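> Structure in structure tokens, see below.
The values are calculated or read from the model by the stated rules, or taken from the named source; none is laboratory data. Here the structure is a predicted model, which means the values were calculated and not measured. Every residue, glycine among them, receives a Cβ derived from its backbone with ideal geometry; neighbour counts consider all protein chains shown.
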Amino acid sequence: MTKATTIKAVETLACDAGWRNYHFVKVTTEDGLVGWSEYDEGFGAPGVTAAIERLSARVIGKNAFQHERIYAELFAATRPAAGGVVALALGAIENALLDVKAKALGVPCYDLLGGKIRDRVRVYWSHCATWRINHPDWYKPAIADLDGVKAIGREVREKKFSAMKTNIFVYTNGRPQGWRPGFGSPFQPEINVDRTVLRNLCMHLEAIRDGAGPDVDLLLDLNFNAKTEGYLKILRAIEKMDMFWVEIDTFNPQALGYIRRQSPHPISSCETLLGLREFLPYFTEQAMDVAIIDTPWNGVWQSMKIAAAAEHFEVNVAPHNFYGHLCTMINAHFCAAVPNLRIMETDIDRLAWDHELFTHVPEFVDGHLVIPDRPGWGTEPNEEGLRAHPPKNKGGLLNYGLKK
């Protein structure tokens, strides 16, 4: 082991990201190599930073090239509480170690994963209309009616993206509002789907389709916003619409398999799962057409194992990606190397200062992300930019809808 690869420090940094914060891990070696990763505390996972900082003592002094060994040691040390926030911390550390290793070798991270299969990755415009409705202070122009929904559909087509994903909205006096009872907004723990929700969802989908035209693929994300009965009601209501996929989250693989076997549309799922053990029951149930893997949560090295298992079950994969630009690049390298890829998620609506926070931003050409060939992930946080946008005390789903 040389100084080039001996880990000297593990730090966490954060910055303001509008309605949430962005979070980063910085790993520094004895001779000054720096590896980065991005993680998230706003998507129902508070405390990841504390877990990373607690685990860092077991990382310092180790050889960054031995990321599989480090991961195994950290898993062993945390086995009684495996999964959850601890798993997210392990994934964040793993991704920073991959960045160090690739930079030490002078290669892009995809070379560590077997080399790239593709130079460009087809993407879909995620949270299309969603960000401009739910967070109008941060994403412009704000959408306040169906005309705005149609307009963003046209924008997708005019900017040459070939796919877009939206969510559930209810219109009151013509104004849309996100319907997310699965996340407590509104607070309806029974999570039932009534006629009003169905009628409004169909109206919303028809408007965005009208704007985008017939040649743009339409995806719908239902998240955790129904029970099995409600998901089936929604699928029946939109049966005649041409959907690329309908995304459903459920903690029960048998329930999802039951839904898929009755669905007229392809089903995607699993973005909140952690580790191959959690994915396997969904694979054996043949519960989804596309397995969504959160590579910042799982770690890219572990995500490749999940993707390999998906291949055995004749299932393609897609990354979960709604974070900052570093996560987009991390997912880009995964997408470049994984054989059984379906499509990549990305947010095109960005904060006004996102470009200030990173050394390089993603490049999109004709609805595809161009895979960078720079060493490591191909971008890293700009620490001066992070300091210019200090993090807020609160943010993300835990604070969504609370009175200011």
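> When you check PRO181 against the structure, is it crowded, with 20+ Cβ neighbours inside 10 Å and either assigned by TED's automatic domain parsing to the domain that holds LEU232 or within 22 Å of the chain's Cα centre (by Cα) (or both), yes or no?
For PRO181, the condition - crowded, with 20+ Cβ neighbours inside 10 Å and either assigned by TED's automatic domain parsing to the domain that holds LEU232 or within 22 Å of the chain's Cα centre (by Cα) (or both) - is met.
> Also, quick follow-up: Could you pull out every one of the strands (runs of 3 or more DSSP E) wholly within segment 118-203 that has 2 or more residues that are among the β-branched types (Val, Ile, Thr)?
Here the list reads 120-125, 169-172.
To keep it simple, each residue is scored yes or no on (1) in contact with a helix residue (DSSP H, G or I) (Cβ under 7 Å, 6 or more places away or on another chain); (2) at negative phi; (3) of a type in the set (A, V, I, L, M); (4) crowded, with 23+ Cβ neighbours inside 10 Å.
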| position | (1), (2), (3), (4) |
| --- | --- |
| LYS233 | yes, yes, no, no |
| PHE251 | no, yes, no, no |
| THR272 | no, yes, no, no |
| ASP294 | no, yes, no, yes |
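> Take GLY32 and tell me if it is within 18 Å of the chain's Cα centre (by Cα) and assigned to a loop (DSSP other than H, G, I, E, B).
No: the conditions fail for GLY32.
> Looking at segment 357-390, which of the residues that are charged (D, E, K, R) and farther than 13 Å from TYR110 by Cβ is surrounded by the most Cβ atoms within 10 Å (Cβ to Cβ)?
GLU380
> Can you say whether VAL121 is over 30 Å from ALA4 (Cα atoms) and under 22 Å from the mean Cα position of the chain (by Cα), as far as the supplied structure shows?
It is true that VAL121 is over 30 Å from ALA4 (Cα atoms) and under 22 Å from the mean Cα position of the chain (by Cα).
Here is a yes/no grid of residues against (1) in contact (Cβ under 8 Å) with a residue 60 or more places away in the chain; (2) of a type in the set (Ser, Thr, Tyr); (3) in the same structural domain as LYS233 (by TED's automatic domain parsing):
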position	(1), (2), (3)
GLY275	yes, no, yes
PRO281	no, no, yes
ALA291	no, no, yes
THR295	yes, yes, yes
GLY299	yes, no, yes
ASN316	no, no, yes
GLY324	yes, no, yes
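> On to the next question. Is it the case that ALA142 is more than 20 Å from ASN225 (Cα to Cα), loosely packed, with under 15 Cβ neighbours inside 10 Å, modelled with pLDDT under 95 and among the aliphatic types (A, V, I, L, M)?
When the stated conditions are applied, ALA142 does not pass them.
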